[in-house]
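Structure first, then comments.
The values are calculated or read from the model by the stated rules, or taken from the named source; none is laboratory data. The model shown is predicted, which means the values in this text are computed figures rather than measured ones. Reconstructed Cβ throughout: ideal geometry from the backbone, glycine too, with neighbour counts over all protein chains shown. Areas reflect the complete protein model, heavy atoms only, side chains present, ligands, DNA and RNA absent. Shrake-Rupley method; radii C 1.70, N 1.55, O 1.52, S 1.80 Å.
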Amino acid sequence: LFWGAMTGRPLLGLMLALLVETRHWTALRWDFGEREFSRAWQLTTVAVLLATVLIWLDGNRYTALPNMLTWLPPLLVPMQFVQGYGLREAMPTSVFSFLARRRHERNLRLGLPEEITEFNFGNIYFVCVLIASTLGNNAYSWTFLPGMVILCGWMLVHRNQTRPWLLLPVLALAGAMALLGEKAIERAE
């Protein structure tokens, strides 16, 4: 929703928010394996490349990269979908490399031991949404800074559930410093 408001795409932001957050309200899950993770990554890569080419051809080369980065949340949805609606809490890093996938398959076939590194794509998706929001047309509005502080605080409180009240002064300090920095930049201009 925040991304949609900051980039001027509120309807798309609402649809993405519903798709991503509905997983918390439903028990609907699929047993996605490495093959499905790889297919989602391939679909995401093709979508990002296609969007990059279209944006490059359509616009100014100096604004093409920021414009493309504002489209990251919808482009990364296939990865977030298989992570969020899958039974696994994390996906293997071999999903992102053709060579690593082949090595993993060879080691399985030969019975060789292999250490599998996994991570949760939801964290990457959250950061990409924040970055895309900072590049939106409405990122200069007064709602941007409080929205960023609230979203970052929400994530930090969710991660540190033992003593979340300790984060409140730190978030207030970070918000105040950001506000002072913003005012200093406005004066310098």
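Just a few scattered comments:
- For region 13-33, a residue qualifies if it is touching a Lys or Arg at 6+ places or on another chain (Cβ under 9 Å) and small (Gly, Ala, Ser), and exactly one does: 33.
- When each of 32, 37 is tested for being within 23 Å of residue 93 (Cα to Cα) and not in a helix (DSSP H, G or I), the lone residue that passes is 32.
- Verdict on residue 114 being touching a His at 6+ places or on another chain (Cβ under 8 Å) and at negative phi: yes
- Residue ID - surrounded by the most Cβ atoms within 10 Å (Cβ to Cβ), chosen from residues in region 48-74 that are part of a helix (DSSP H, G or I), in contact (Cβ under 8 Å) with a residue 24 or more places away in the chain and under 15 Å from the mean Cα position of the chain (by Cα): 73
- All conditions in (1) touching a residue at least 12 places away in the same chain (Cβ under 8 Å); (2) open to solvent by 30 Å² or more (accessible area, probe 1.4 Å); (3) in a helix (DSSP H, G or I) hold for residue 88, with the sole exception of (3).
- Leading residue by the ranking (farthest from residue 81 (Cα to Cα)) among those in region 94-125 that are modelled with pLDDT under 80, open to solvent by 50 Å² or more (accessible area, probe 1.4 Å) and not in a helix (DSSP H, G or I): 114
- Any hit, region 176-183, residues being in contact (Cβ under 8 Å) with a residue 40 or more places away in the chain and on the phi < 0 side of the Ramachandran plot: no
- Test: residue in region 2-12 that is surrounded by fewer than 12 Cβ atoms within 10 Å (Cβ to Cβ) and either in contact with a helix residue (DSSP H, G or I) (Cβ under 7 Å, 6 or more places away or on another chain) or modelled with pLDDT of 90 or more (or both): yes
- Scanning region 135-155 for residues that are in a helix (DSSP H, G or I) and surrounded by 18 or more Cβ atoms within 10 Å (Cβ to Cβ) yields 144, 147, 148, 153.
- Complete set of residues in region 13-40 that are within 24 Å of residue 119 (Cα to Cα) and buried (at least 18 other Cβ atoms within 10 Å of the Cβ): 16, 20, 32, 37, 38, 40
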